[in-house]
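Q: Attaching a single structure in structure tokens format; questions to follow.
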Amino acid sequence: MFKLLVFAVVAVCLTFVSTAGMGQEVSQQSTALPVVEDVRVSATPERARLVIDLGAMTEFAMVSLDGPDRLAIDVRASSLAVTEPGKVAGQGIVSDFTVEQVASDRVRTILTLAAPAQVQQAYVLDPFEDQPARLVVDVITATPEIFATNVAKDLAATDDIAQLGDKEGSTPAGGSNLPMATNPLVVIDPGHGGIDGGAESPDGVKEKDIVLAFALKLQELLVDSGRFDVALTREGDNYLKLEDRVALARQNKADLFISIHADTFQKSDIRGASIYTRDENATDVLDKILADNENKSDVIAGYSMPRMPPQVVDILVDLMRRETRVQSFKAARDIVHQMEPSVQLRRYPERQADFFVLQSPDVPSILLELGFISNPTDMANLLKVDWRDRTAEAVARGISSYFDSLKADE
Ligand SMILES: [Zn+2]
């Protein structure tokens, strides 16, 4: 069910439709965005109409989603004046709807479909007399085939955009010999490698070696369980760009991406394992420093940071991001839960930071900090084979219970 939604949402990179007439130009920079004043939906068994009252003319975009079947409509708007959840007037092909401000410049309406449907027409009306500007979307019934075609069309459009997003000629190392995923595919990403050693202890033990040994053990446990296909972003001491780590997981449609680290911090009393999920706003200073250090490793190694293509900043990728974020939180929680009894954890072990490798919009992604090389107790543990095995076993149990819970949701 999650999978379906993800694929459905991958579908949906649409550009906003300009409502400007011929020869007119809508400048988003110079024009203040309007308020969404009201949203109304009426439905019969044959058709439905969505009306969005707007403070002024604006742009909109829409898309078909399945699992469950929905139509999502975004308008460019600065705020939402509607506070009460609305009800569909009448009974018919739209059973329910939600309205939400999803970004500072967008308001999203989602129509839940009781039957396959398609947009017949959509247009923005100028204000006249005492009527405000309005977006009108007329929806009519469709065959299941037409609806599926619309969903698929969006999927294809997004595949194109995803390919645009991939840097030319950047084939991730190891990408060619990945297993065909029949089981869920877990991509384990041992941090750093090659010229990028990561953190280093006073006596010269490098993070890149610790995390590779851990990743290989975790891979072995997951493969032995018979439940997972497992790929490593690097299997040896080689350098890999951050963007290639992300691309490997995305191109192979990984079901979970787990990056492994063991960093240092200037305060040597900080210790214990923790798991990060991505957040645009780092939660505290330490998290911010850690994230920045990791993110900078590409720059340090002489590569410039890649830039996200503008298409990726699309409305419906945002929907997918939200769903992926929920799954990432779930995975972090399940793994922490399994680690708790057997491994020393940091205070508040579930954390958020803006690590570059956690940015996949479509792959649930977490970053496991095994402990701190700057803390003597952690460092001693990190070098112990029995500590490593015990911790890897706990993480493997956590991964299993995460996938169990996904199955239970289906
Ligand atoms: Zn690291």
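Q: What residues from region 128-150 fall in the zone where the backbone N is under 17 Å from a label point 7 Å along the Cα-to-C-beta line of A115?
A: Only 138-148 pass the distance filter.
Q: Taking 0.36 nm per intervening residue step and subtracting the Cα-Cα distance, what contour gain separates R40 from L345 on full extension?
A: Here the answer is 104.9 nm.
Q: At L216 and S95, where each label point lies 7 Å from the Cα along Cα→Cβ, what is the point-to-point distance in nanometres?
A: 5.3
Q: With charges set only on the Cβ (+1 for Lys and Arg, -1 for Asp and Glu), what does the dipole of region 32-158 come to about its Cα centre, in debye to the nearest 20?
A: Details: 10 positive and 18 negative charges, 41 e Å.
Dipole size: approximately 200 debye.
Q: Given a 1.4 Å probe, how much area per residue of region 197-274 is accessible, in Å²?
A: With the other protein chains kept in place, region 197-274 gives 38 Å² per residue.
Q: Rounded to a whole number, what % of the accessible area of region 79-142 do carbon and sulfur atoms account for, probe 1.4 Å?
A: Carbon and sulfur atoms account for 48 percent of the accessible area of region 79-142.
Q: Once you've got the Cα coordinates, tell me which of K208/K253; K208/K384; K217/K241; K87/K407; K217/K407 are over 21 Å apart.
A: K208/K253; K217/K241; K87/K407; K217/K407
Q: So if R0 is 56 Å, what FRET efficiency would A32 and E145 give, r being the distance between their Cβ atoms, rounded to the nearest 0.05?
A: Using R0 = 56 Å, I get an efficiency of 0.85.
Q: Between K407 and K384, what is 0.36 nm times their sequence separation minus the Cα-Cα distance? Round to one decimal in nm.
A: Contour length minus Cα-Cα distance gives 4.8 nm.
Q: How high is the FRET efficiency between D237 and V102 when r is their beta carbon distance and R₀ equals 35 Å, given to the nearest 0.05?
A: Calculated value: 0.25.
Q: Calculated FRET efficiency, D130 and D279, Cβ-Cβ r, R0 56 Å, to nearest 0.05?
A: 0.80
Q: Let me ask you something else. On a full-extension model of 0.36 nm per residue, what is the gain between A152 and Y123, subtracting their alpha-carbon distance, rounded to one decimal in nm? Write down the numbers at each step before the final one.
A: Numbers: separation 29, 0.36 × 29 = 10.44 nm, distance 2.37 nm.
Result: 8.1 nm gained on full extension.
The values are calculated or read from the model by the stated rules, or taken from the named source; none is laboratory data. Predicted model, so just to flag it, every value in this text is computed and none were measured. Positions of Cβ are backbone-derived with ideal geometry, glycine not excepted, and every protein chain shown enters the neighbour counts. We work out accessible area using only protein heavy atoms, side chains counted, and drop any ligands, DNA or RNA first. Shrake-Rupley method; radii C 1.70, N 1.55, O 1.52, S 1.80 Å.
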